[in-house]
Amino acid sequence: MDYKRNILITGGAGFIGSHVVRLFVNKYPDYRIVNLDKLTYAGNLKNLTDIEKKPNYSFVKGDICELDDMIALFEQYNIDGVIHLAAESHVDRSIKDPFTFAHTNVMGTLSLLQAAKIKWDGNFNGKRFYHISTDEVYGALQFDGSMFTEVTKYDPHSPYSASKASSDHFVRSYHDTYGLPTVVSNCSNNYGPYQFPEKLIPLFINNIRHGKPLPVYGKGENVRDWLYVEDHARAIDLIFHEGKTGETYNIGGFNEWKNIDLIKVMIKTADKVLGNPEGASDSLITYVTDRAGHDLRYAIDASKLNRELGWKPSLQFEEGIEKTIRWYLDNQEWMDEVTSGEYQRYYENTYSNR
């Protein structure tokens with residue numbers, strides 16, 4: 001079959017990536033969607049069992065840092081669009097192992113950019129390289145009502161955010177220097193189904209379920225803006241198709257929460273869903289030493305995306321968090337397989353024999 005477009009989605013077995021892959025495979029049957037993932041600890045093909053047999057879906061296990069492999073992949077599938085989500089993304093891990101973050105997030109992005117430049121060879125008509133980044137590149141805000149905009153000065157404070165800031169700059173440099181048709185988006189904290197349980201929300205849901213401590217950094221006063229992952233996937237779809245080449249778009253949920261307030265909402269909701277007495281899990285809150293370089297507040301101004309492309313989030317946090325908690329509690333087998341490591345056998349059992 002001749003497909004209308006051949007889209008490479010990197011990191012498509014991860015949390016956000018799997019939602020984007022699912023959306024594109026289902027919404028665009030005339031597109032071939034190639035999911036490229038290295039299947040590190042955060043990549044889980046069981047996130048995509050519902051679409052893995054669709055005729056317009058292909059999975060490739062590979063490393064974005066391998067330039068020759070990326071060039072070959074572009075050639076094999078005649079790639080004309082890239083949605084680049086593959087990244088090391090956990091701040092705590094970046095503090096312990098900054099070199100891995102620099103290698104994957106910077107050199108991996110550079111490898112993809114170079115592959116696109118080589119294979120598209122100046123014929124950029126109908127091509128697009130879309131790089132997904134984070135609000136953490138902007139640094140931190142005070143409690144003064146200010147928000148990150150697309151022109152906020154970069155001020156990264158962790159190895160993770162520094163690596164993403166660098167990759168953002170490389171993407172823009174390939175547009176400015178070579179004319180590569182790029183677009184960048186910076187998003188706030190995502191939450192929802194299929195998130196790896198090192199992250200706050202799925203970790204705490206699982207800990208409440210098992211009666212384990214809920215470790216809160218410092219006094220829990222750090223503020224984050226929360227974006228439901230399916231709303232983010234819709235924004236990515238919109239920006240990929242309608243965003244202006246060379247532009248940056250901020251994607252936020254307009255949902256600012258102090259960590260401690262968010263945790264209390266989660267406890268109340270989870271206890272309700274589990275049938276526990278109200279406040280039963282409050283005693284699980286445990287305050288721990290604050291994280292090094294812990295940014296005080298993030299807040300994304302997504303008004304440009306709303307104004308120019310008509311996007312806005314569909315869920316408010318209380319609605320989204322209850323939907324999320326119910327998903328994790330209804331899919332306890334998925335959580336148990338992730339926490340035990342059993343999920344990592346799925347590729348060998350399912351794909352390696354094909």
Can you list residue pairs whose Cβ atoms sit under 9 Å apart, with the first residue in the stretch 1-30 being over 21 Å from Gln76 (Cβ atoms) and the second being among the acidic types (Asp, Glu) and in a strand (DSSP E or B)? Count only pairs 6 or more apart in sequence or on different chains. Gly14/Asp37
Only one of these is touching a residue at least 40 places away in the same chain (Cβ under 8 Å) and buried (at least 23 other Cβ atoms within 10 Å of the Cβ): Ala102, Ala116. Name it. Ala116
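Quick grid of which residues meet (1) over 21 Å from Ser314 (Cα atoms); (2) in contact with an Asp or Glu (Cβ under 9 Å, 6 or more places away or on another chain); (3) not hydroxyl-bearing (Ser, Thr, Tyr):
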residue	(1), (2), (3)
His175	yes, no, yes
Tyr191	no, no, no
Ile201	no, no, yes
Pro213	yes, no, yes
Arg224	no, yes, yes
Leu238	no, no, yes
Lys244	yes, yes, yes
Do the conditions hold for Gly293, that is, is it modelled with pLDDT of 90 or more and on the phi > 0 side of the Ramachandran plot? no
For the stretch 150-169, give me the residue count where each residue is under 20 Å from Lys244 (Cβ atoms) and under 19 Å from the mean Cα position of the chain (by Cα). 3
Val338 passes all but one of (1) of a type in the set (A, V, I, L, M, F, W, C); (2) in contact with a Phe, Trp or Tyr (Cβ under 8 Å, 6 or more places away or on another chain); (3) modelled with pLDDT of 95 or more; (4) more than 29 Å from Thr248 (Cα to Cα); which number fails? (3)
Any chance the stretch 73-96 includes a residue that's part of a loop (DSSP other than H, G, I, E, B), crowded, with 22+ Cβ neighbours inside 10 Å and touching an Asp or Glu at 6+ places or on another chain (Cβ under 8 Å)? yes
Give me the pairs, please: first residue somewhere in the stretch 291-319 and surrounded by fewer than 21 Cβ atoms within 10 Å (Cβ to Cβ), second residue anywhere and part of a loop (DSSP other than H, G, I, E, B) and of a type in the set (D, E, K, R), beta-carbon distance under 7 Å, and either six or more positions apart or on two chains. Lys304/Glu150; Asn306/Lys312
Quick check on my filter: what residues within the stretch 41-72 are surrounded by 19 or more Cβ atoms within 10 Å (Cβ to Cβ) and hydroxyl-bearing (Ser, Thr, Tyr)? Tyr57
Residue tally, condition under 22 Å from His90 (Cβ atoms) and either touching a Cys at 6+ places or on another chain (Cβ under 9 Å) or of a type outside the set (S, T, N, Q) (or both), over the stretch 152-168: 10
Given the conditions (1) surrounded by 23 or more Cβ atoms within 10 Å (Cβ to Cβ); (2) not in a loop (DSSP other than H, G, I, E, B), and given that Asn26 satisfies all but one, which numbered condition is not satisfied? (1)
For the structure I just gave you, tell me whether Gly126 is over 21 Å from the mean Cα position of the chain (by Cα) and either among the β-branched types (Val, Ile, Thr) or assigned to a loop (DSSP other than H, G, I, E, B) (or both). yes
For the stretch 148-260, please list each of the strands (runs of 3 or more DSSP E) lying entirely inside it that holds at least 3 residues being of a type in the set (Asp, Glu), without any contact (Cβ under 8 Å) to a residue 24 or more places away in the chain and under 23 Å from Thr100 (Cα atoms). none
Exactly one condition in (1) more than 23 Å from Leu296 (Cα to Cα); (2) surrounded by 22 or more Cβ atoms within 10 Å (Cβ to Cβ); (3) of a type in the set (Gly, Ala, Ser); (4) in contact with a Phe, Trp or Tyr (Cβ under 8 Å, 6 or more places away or on another chain) is not met by Ser185; state its number. (1)
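The values are calculated or read from the model by the stated rules, or taken from the named source; none is laboratory data. No experiment lies behind these values; they were computed from the predicted model shown. Using ideal geometry, Cβ is built from the backbone for each residue, glycine included, and neighbour counts are taken over all protein chains shown.
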